[in-house]
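What follows is a single structure, written as structure tokens, with notes after it.
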Amino acid sequence: IVAGTTIPLVMFLLWNAAILGYNLDGSDAADGSILDPLKVLEEDATVGTYIMSFSLLAVATSFIGFVLGLVDFIADGLNMPVNTKSLVPFSLTLVPPALFAVVYPDAFLSALEYAGTYGVLALFGVLPAAMAWKIRERKDLGVADVPSLVPGGVPMLVVVGGAALGVITQQTLINLGGTQF
């Protein structure tokens, strides 16, 4: 367990060192150019190989898990047997996104931006606060004697949900061509 968690810990620490050490104004570079620590690390043959391997494996393992889950979901939705090697659910899983990627090659980064702003904030900011608020209001569930995990009561839930909604609103205004607040 220690050896298996040491490798990700070292990679995490190196990644944080590279990103946190990144200087946007380029004042660390002698010629005034922007110094990218990740590019410097990639120039070393050994470290560059590890970085590329890690990146490839991160994407590949995410892709495999997502595809297998979506194939079973589509097969179940079509009333087909799941966990089979049927071509129909695999085709419905892989062909539409591949065609979309060919037609709109730059759409992935935009989708990541929108998913990060709206999806993550809604999923981990707004919804937990709303669910905790709703469960606290319900008397028929018998949870009155269960202590709240989030101190501060309803005002804290409003702060958490409101902060997430504030970031969502700010990003929406930016995307619509407005200004930041």
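Values quoted throughout were computed directly from the atomic coordinates according to the rules given, and no laboratory measurement underlies them. Values in this document were obtained by computation on a predicted structure and should not be read as measured data. All Cβ positions, even for glycine, are placed from backbone atoms using ideal geometry, and neighbour counts span all protein chains on display.
Of note:
- Taking 0.36 nm per residue of separation and subtracting the current Cα-Cα distance, fully stretching the chain between residue 82 and residue 138 would add 16.3 nm.
- Stokes-Einstein D for the stretch 40-181, Kirkwood Rh over Cα pairs, 20 °C, 1.002 mPa s (µm²/s): 108 µm²/s
- For the stretch 117-132 versus the stretch 43-93, the gap between their alpha-carbon centres in whole angstrom: 27 Å
- Comparing the stretch 95-137 with the 2.2 N^0.38 Å rule of thumb, its C-alpha radius of gyration ratio is 1.75 (two decimals).
- Computed from the C-beta positions of residue 94 and residue 150 and an R0 of 30 Å, the FRET efficiency is 0.15 to the nearest 0.05.
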